[in-house]
Amino acid sequence: MPTLISGTAVAEKVLAECKAEIAAFKARGITPGLAVVLIGDDPASRAYVRSKDKKCKDLGLHSVKHELPTTTTQAELIALVKQLNADPAIHGILVQSPPPKHIDEAEIVRTIDPAKDVDGFHPVNVAKLALEDPTGFVPCTPLGCQRLLIDAGIETAGAHAVVIGRSMIVGKPMALLLMAKGPGGDATVTVTHSRTRDLGSITRQADIIIAAIGRPEFLKAEHVKEGAVVIDVGINRVEAPGTEKGYKLVGDVAFDEVAPKCRAITPVPGGVGPMTIALLMQNTLKACRQIVPRLSQA
Ligand code: GUN
């Protein structure tokens, strides 16, 4: 059987590192702060935002949650982001994606101060990732996937990594991280997506597969070579009649048939999900570390 890469366990490790740094900040009279903004009432987004807020509070971070109605206007949202940019108690800002259709998300992202953009979505941070500038912010989910590979001792240097999905939140930054120089990088990267011809012929060449498709149990045994490492980014709600919630969470990988072929694989839940929140905490501390010296010199 394959090694199960436990995101829950590695996330605990990341959070323990965060706790030590938070204690050091507090000893200097500084409490790192994160503001999370949610527009609308999508149940999955609400659940993510609540768990982010809870994790912040558990760690002793200053956490501010703005839950706004679907009718919130672009101008109101811009005004809130500007207010958070100017707030010295806030070091990180996250606007939950996707917002309602009438919101121009790109404009909102460009309004966030890049120094507080803990999601790594601002064009300045996208450029810094491409440039391998360590002062930038990298999106939390791909950063979490890379940390899982590093902690599980998976050699990425020279490996063929195939990323399935080209989103700005996961696929694109994941590809950039895997091809960057250094630990968890130096891979040969192929990016595939919904228009890729004969996907299986490419994924079967992969030493490492990052599945970020957003379709439940899409990746089957036939797509995977023997001994591959599979990181499943998907968190899909599928109906499960008779269960308490009425749904269950499944990944983008058909776990039961893919796992026996793998050298290592992440489960869902308990894989990438807890890592995303842990890396958000880590990014918030990085923002605080970079902002505080700037303020004390002012
Ligand atoms: N929606 C799904 N994942 C994310 C994320 O990492 N950040 C934000 N802002 N929205 C998301």
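Could you grab the relative contact order for the chain? Cα pairs under 8 Å, six or more apart, rounded to a whole percent. Across the chain, relative contact order equals 21 percent. Candidate cross-link partners of K82 among the lysines, defined by an alpha-carbon separation under 27 Å and a same-chain spacing of 8 or more, comprise K26, K52, K54, K55, K57, K65, K101, K116, K128, K286. Working from label points 7 Å from Cα in the Cα-to-Cβ sense, the D256 to V292 distance is 5.0 nm. Taken as Cα centroids, the stretch 1-37 and the stretch 103-163 sit 17 Å apart, rounded to the nearest whole angstrom. For the chain, a Gaussian network of Cα nodes joined below 10 Å ranks D119, D256, D198 by mean-square fluctuation, and the top entry is D198.
Counting only residues at least eight positions apart within a chain, or on another chain, the lysines with an alpha carbon under 24 Å from that of K225 are K172, K261. For G271, the amide hydrogen comes within under 5 Å of the amide hydrogens of G7, counting only partners 5 or more places away or on other chains and with H modelled in the peptide plane.
Where does each of 157-168, 99-110 land if you order them by average Cβ count within 10 Å, highest first?
157-168, 99-110
Summary value for the stretch 177-298: 19 percent relative contact order, contacts being C-alpha pairs under 8 angstrom separated by 6+ residues.
For the stretch 1-82, what's the relative contact order in percent, using C-alpha pairs closer than 8 Å and at least 6 residues apart? Present the calculation step by step, with values, prior to reporting the outcome.
Working: 62 pairs, mean separation 24.7, N = 82.
Dividing the mean separation by the residue count of the stretch 1-82 yields 30 percent.
Just so you know, all these numbers are worked out from the coordinates, no wet-lab data involved. The structure presented is a predicted model; accordingly, all values stated were derived computationally and were not measured. We place every Cβ from the backbone using ideal geometry, glycine too, and count neighbours over all the protein chains shown.
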